[in-house]
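Engineer: So that we are looking at the same thing, I have put the structure below in structure tokens.
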Amino acid sequence: MALEDLDIQIQSVDDDFADEDVSVFTTGKGLNEAVVREISRVKGEPEWMLNYRLESLRKFNEMPMPTWGVDLSQMDFAEYTYYNRPADDLTDNWDEVPETIKNTFNRLGIPEAEQKFLAGASAQYESEVVYHNMLSEVREKGVIFLDIDSGLREHPDIFRKYFDTVIPYDDNKFSALNGAVWSGGSFIYVPKGVTLEKPLQSYFRINSERMAQFERTLIIVDEGANIHYVEGCTAPAYSKDSLHAGVVEIIVGKNATCRYTTIQNWSRNINNLVTQRALVHEGGSMEWVDGNIGSQVTMKYPACILAGEGAKGTVITIAVADKGQILDSGAKMIHLAPNTSSQIISKSITRNGGKADYRGLVRHTKKAINAKSKVECDTLILDAISASDTIPTNIVANSDAIIEHEATVSKVSEDQLFYLMSRGLTKEQATEMIVMGFIEPFSRELPMEYAVELNQLIKLDMGDNAIG
Amino acid sequence: MSVLKVENLHVAVGGEEILKGVDLTLSTQETHALMGPNGNGKSTLLAAIMGHPRYEVTEGSITLDGEDVLAMSVDERSRKGLFLGMQNPQEIPGVTNSDFLRAAMNARREQPLNLFRFIKALEGAIDDLGMDENLAHRYLNEGFSGGEKKRNEILQMKLLQPKFALLDEIDSGLDVDALGVVSNVINDMRQGDMGLLLVSHYERLYKLVPPTHVHVLVDGRIVAEGGMELINKINAEGYEWVKELGVDIREKEEKQGIMLGVCGNKVTQ
């Protein structure tokens, strides 16, 4: 048996279903100043936000397309719709949610998931949050967990103090685009010393052809507080290109801890270009747990700016690239203070001609005395037509920094398959077991339900060309 | 009673013929010892019976109760009751020993084994083998010592209850005490309806697990057969005597075999 014969495919995505379009308001295709003004007007935003959007638009038009990483030259910004609003009002009553939207959520298993372990769910459908619920623990502890529009409306002071401080609109072309047309996303503020026992969750979903989704999330974890936020994405497949350009800003206060978990499973026609960055103060800890399974193109490099002494950053990331997918992901760790530490664990799986690259940056600045970093990149290539590159950049500007880098590339070995099959497992089961074992360092970090969901997403369908 | 029958088996590895016509019939409740100098085909025979893809059967047949084993995939062979205890068990990172064992046990059942029964069976087997309980929760063979890996093979055999167990140097890496424990488990299973094919160089295993039949495999053929007296003879005299039977002993060439791949132009002898 040759390794090329391993015809492994992701089980056809059951989530690829589209409900009838229930949008009640849309700006139509294309992007210009009128569209931006209209979005701001519909949302009833304060003047400063309108001006921010317009300045972002100006910057977006000015900035060139990035020329590194994945070739995006085929993107046509005139072809996307930049704002869609599905339901008239926000509701926290499940009964009031439109039936077709409910069907989608039911198929995604949201209500059950919520009952079992979630502290609150803000499920995003197209661009607007339609269902929003918080359990008593969250409210009682004074945690603010809102959709981002409500966050701006109800907590303007906190919002304005932190918005755009970690990822300025002119950071890159897609953060500028997001600044102009952002809509939906979560706003979370965790007060000093508050620890949430259960993770908070938000579900995102695109359901409209050529509809762009520009979610904006702002999370502030105040001094000594501790939170785990879980974001899941899934989208139905369409033939036309769709764009997702989210921005996630996180502020981790002194001695605070934040974990942000996401498994991205966009349909295979979506360009997923996301900027995620956390600013970590003294003694704080930020953990990105980042899974990338779907999309046609993903460019995503969760970052930690370790600004205070003893700050810690962790990124655990997996990418599973199948036919036609280019997943360019990794992490950035910027050490600005003494005794900061960071760890990056990257696991890539490629099959059926998919491409998954690790692109990472570790920078120790002059002030980052006694900083430590560890980078571990492992790749499992399941056939001869798939590819993976590891592109690490390490920059050290002081004399006593420690950066360790380990990288492995492997194939599913014939001997491992033989061993498992000789105990009665089919080739599919054996390969699945080896793959699951490979990503175990990632999946063990997930809440139980997500780990189960991940297993289903990666479920292997290898036909019956059995070994021997 | 079941019968595993190997007839006129020819096996090539990388185009080179290793087995040149082996005949062997093994019934349940029998224990066969397979002896012979290194590099003469013992492990090849076991791996070919189990169906390792690197071992190409060029001629001959293997049947299990009349069914064509060569037409079966590796996992089918396992589910039909063949078991290979390997010389170098593979390490599978990230997969716990207990998850693996449960999947393997369920692979041969209509209804999955309930968790309670599985845990009971596993704990019992771990206890019988004097293994560390933690081994169940560690990743499959990863970081196991040589002895732990071998015990883990026997653990699998005990839980999977094969009709025929082929054990390839199961005694290597085991100290005297561990060998005693492993032998007890094997002997226990021999009381039932199981056939054994043992490969070992050492008399000490055969003293603890006395074979009913002994075969000597030299240069890809079985050149002598008998009982314990054959083991005693080999133990006393080595294999020089087989030359009197007109057989050439194949010198161990495993190291050179690797060179073949590297140089790419070594002439096959």
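Engineer: Residue B:54 - would you say it is surrounded by fewer than 18 Cβ atoms within 10 Å (Cβ to Cβ), facing chain A (nearest Cβ under 10 Å) and within 23 Å of residue B:38 (Cα to Cα)?
Structural biologist: yes
Engineer: Another question about this same structure. Taking segment B:136-146 as the search range and keeping residues that are touching a Ser or Thr at 6+ places or on another chain (Cβ under 9 Å) and either open to solvent by less than 50 Å² (accessible area, probe 1.4 Å) or basic (Lys, Arg) (or both), which one is modelled with the lowest pLDDT?
Structural biologist: B:136
Engineer: Related question: When segment A:382-416 is examined, which residues are found to be away from every other protein chain (no Cβ under 14 Å), of a type in the set (Ser, Thr, Tyr) and in a loop (DSSP other than H, G, I, E, B)?
Structural biologist: A:386, A:388, A:399
Engineer: Is there any pair linking a residue in segment A:443-468 that is within 21 Å of residue A:266 (Cβ to Cβ) to one that is of a type in the set (Gly, Ala, Ser) and at pLDDT below 70, with Cβ under 7 Å and at least six apart or on different chains, and which?
Structural biologist: Within 7 Å, the pairs are A:449/A:113.
Engineer: Out of A:440, A:445, I need the residue that is open to solvent by 10 Å² or more (accessible area, probe 1.4 Å) and either within 30 Å of residue B:159 (Cα to Cα) or in contact with a Pro (Cβ under 7 Å, 6 or more places away or on another chain) (or both). Which one?
Structural biologist: Going through A:440, A:445 in turn, just one is open to solvent by 10 Å² or more (accessible area, probe 1.4 Å) and either within 30 Å of residue B:159 (Cα to Cα) or in contact with a Pro (Cβ under 7 Å, 6 or more places away or on another chain) (or both): A:440.
Engineer: Which condition breaks for residue A:421 when tested against (1) surrounded by fewer than 22 Cβ atoms within 10 Å (Cβ to Cβ); (2) in contact (Cβ under 8 Å) with a residue 24 or more places away in the chain; (3) not small (Gly, Ala, Ser)?
Structural biologist: Every listed condition holds for residue A:421 apart from (1).
Engineer: So, one more: Can you name the residue in segment A:292-307 that is open to solvent by less than 10 Å² (accessible area, probe 1.4 Å) and over 28 Å from residue A:77 (Cβ atoms) and, of all such residues, is nearest to the chain's Cα centre (by Cα)?
Structural biologist: The qualifying residue nearest to the chain's Cα centre (by Cα) is A:304.
Engineer: Considering (1) surrounded by fewer than 20 Cβ atoms within 10 Å (Cβ to Cβ); (2) within 14 Å of chain B (Cβ to nearest Cβ), say which one residue A:372 fails and leave the rest.
Structural biologist: So residue A:372 meets the others, but not (2).
Engineer: Given the conditions (1) away from chain A (no Cβ under 11 Å); (2) more than 21 Å from residue B:181 (Cβ to Cβ); (3) not basic (Lys, Arg), report the number of the one that residue B:134 does not fulfil.
Structural biologist: (2)
Conditions (1) within 23 Å of the chain's Cα centre (by Cα); (2) among the β-branched types (Val, Ile, Thr); (3) closer than 27 Å to residue B:76 by Cα, marked per residue:
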| position | (1), (2), (3) |
| --- | --- |
| A:371 | no, no, no |
| A:374 | yes, no, no |
| A:379 | yes, yes, no |
| A:386 | no, no, no |
| A:405 | no, no, no |
| A:408 | no, yes, no |
| A:411 | no, no, yes |
| A:418 | no, no, yes |
| A:421 | no, no, yes |
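Engineer: Related question: Residue check: is residue A:313 more than 15 Å from residue A:357 (Cα to Cα), buried (at least 22 other Cβ atoms within 10 Å of the Cβ) and among the small types (Gly, Ala, Ser)?
Structural biologist: yes
Engineer: State the number of residues belonging to segment B:178-211 that are under 17 Å from the mean Cα position of the chain (by Cα) and touching a residue at least 40 places away in the same chain (Cβ under 8 Å).
Structural biologist: 15
Engineer: Shifting gears a bit: For segment A:40-76, which positions are open to solvent by 40 Å² or more (accessible area, probe 1.4 Å) and of a type in the set (Ser, Thr, Tyr)?
Structural biologist: A:67, A:73
Engineer: If you take just the helices (runs of 4 or more DSSP H) that sit entirely in segment B:126-236, which of them hold at least 2 residues that are in contact with a strand residue (DSSP E or B) (Cβ under 6 Å, 6 or more places away or on another chain) and under 27 Å from residue A:416 (Cβ atoms)?
Structural biologist: B:146-160
Engineer: Within segment B:77-95, can you find the residues that are touching a helix residue (DSSP H, G or I) at 6+ places or on another chain (Cβ under 9 Å), open to solvent by 30 Å² or more (accessible area, probe 1.4 Å) and either at the interface with chain A (Cβ under 9 Å from one of its Cβ atoms) or of a type in the set (Lys, Arg) (or both)?
Structural biologist: B:80, B:88, B:90, B:91, B:93
Engineer: Against the conditions (1) open to solvent by 10 Å² or more (accessible area, probe 1.4 Å); (2) more than 12 Å from chain B (Cβ to nearest Cβ); (3) in a strand (DSSP E or B), where does residue A:379 fall short? Just the number, please.
Structural biologist: All conditions pass for residue A:379, except number (1).
Engineer: Collect the residues in segment B:101-125 that are assigned to a helix (DSSP H, G or I) and away from every other protein chain (no Cβ under 13 Å), keeping them in residue-number order.
Structural biologist: B:115, B:116, B:117, B:118, B:119, B:120, B:121, B:122, B:123, B:124, B:125, listed by residue number.
The values are calculated or read from the model by the stated rules, or taken from the named source; none is laboratory data. Values in this document were obtained by computation on a predicted structure and should not be read as measured data. So basically every Cβ, Gly included, is an ideal-geometry build from the backbone, and we count neighbours across all protein chains shown. Note: areas computed on protein heavy atoms with side chains; ligands, DNA, RNA excluded. Shrake-Rupley method; radii C 1.70, N 1.55, O 1.52, S 1.80 Å.
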